[in-house]
Amino acid sequence: MNISRSTYLYNRARNVIPSGVNSPVRAFKSVGGTPLFIKKASGSILTDEDDNEYIDLIASWGPMILGHANPKIAEAINNKVEYSTSFGAPTEIEIAIAELITKMAPNIDKIRMVNSGTEACMSAIRLARGYTGRDKFIKFDGCYHGHSDSFLIKAGSGASTFGVPNSPGVTKGTANDTLTARYNDLEDVARLLEENKGEVAAIILEPVCGNMGCVLPKEGFLEGIRELCDKYELLLIFDEVMTGFRLAQGGAQEYFGINADLVTYGKVIGGGMPVGAFGGREEIMNYLSPDGPVYQAGTLSGNPIAMIAGYTMLKELYQNPQIYEGLAEKTTYLAEGLERVFSESIYDYRINHIGSMINVFFVDVDVVDFDTASQNNSELFGKFFHAMLNRGVYLPPSPYESYFLANSLSYEQLDHIINATIESLARMKFD
Ligand code: PMP
């Protein structure tokens, strides 16, 4: 029997890589079927190992905001590679990217580079704990801050204030210091703060969620969180791994006009290379080692190839601020097109979008938090995902992920996506 090259590779991968993938959602577990292995990409077109082409709505889960294989980024990397790929010593390009970030993003006096969003969030929490001398922090159900132990916690049953690990391997001791609240629910946060007075170092949140699908903060929510942080004298950490340099040059802080104390970045900041970063007010950042007491380090942190990729990406965005308007217009065009198509279908749905993030949920409630996001009909989503894939559109293979638009998407490609949606919704009844 002839199998596709992707299937052959998946079977081969499963022998030597757990589940055949290096990050779980790539395995297509929640949509069924076998994952596509990607050979190359250019602009907004992905090509798989069987030479099928797809319009890409993942953008590598965010980083490829300018599209794949951007010539300027590719050239900058190529030019740097021959000077060696790592020194483990300071380089000028690290200063250049830090200077650019402090210019582009509000409230970032100093920034330290790491290798992933996980590292950025993990380090920001340690710093917040070290700075405040308190152990606990608050996160929100459905917000993802990477896979370090203290973030892999969901709310306990009922009104329990203590977290329950949602992965074996995370200890109850760790979970006890992670308090979880309902997104968009200020009262829930205020209650937790009252019950844990003087013990909470920070509140960390995605100012726009991308990890339960795209979920927007309600009017006043972010302002209310800022006020609570001030009232209880704790740090506000914006996890801008998704929203940073995507919603606006200055990310969600600029978009919503809210000042965070610490901010974490990833994705766009590395131009597709493994990069994360965390930054914030000088007096907090000065707590970091070696001048300060809070330890944090990385053999490959500030890697010259990663830095030149990130720097070139950020410079493009800095010099061409009109990219953000263009992206928002494209996203609104797609949202309106999808709205028309879905409103004529038999399916319950909601479409959330902001900036260049968008999501379709198969639900009959407004999606404002993890409970409502969890009502997304995953069976319908799986059918929709495959129907779209068959029509050349690559959506994130999970109902809990936002789609990301890249500036390289053309209006013709957006029309293709809208037409594919018409056909997919019509077809799904029979699948
Ligand atoms: N925070 C947010 C908001 C994210 O979306 C992610 C990754 N999806 C992370 C942190 C973790 O980043 P990484 O996968 O680079 O470790």
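FYI, it's all coordinate maths here, none of it is from the lab. What you are looking at is a predicted structure, and each value in this text was computed from that prediction instead of being measured. Methodologically, a virtual Cβ is constructed for each residue, glycine included, from the backbone with ideal geometry; neighbour enumeration extends over all protein chains shown.
Where both bridge residues fall in the chain, DSSP classifies roughly 60% of the beta bridges as antiparallel.
The GluC sites (Glu not before Pro) of region 318-369 that DSSP puts in a loop, and whose beta carbon has at most 14 other beta carbons within 10 Å, are Glu344. Annotation for region 26-102: chymotrypsin sites (Phe, Trp or Tyr not before Pro) lying in DSSP loop with at most 15 further Cβ atoms inside 10 Å of their Cβ are Tyr83, Phe87. Anyone know which of Ile17, Ile38, Ile111 comes out most mobile in the 10 Å Cα GNM of the chain? Fluctuation is largest for Ile17. Mind running the shape call on the chain? Use the C-alpha gyration tensor, a ≥ b ≥ c as the square roots of the eigenvalues: rounded below 1.5 for a/c, prolate if a/b tops b/c, oblate otherwise. Here the chain falls in the oblate category.
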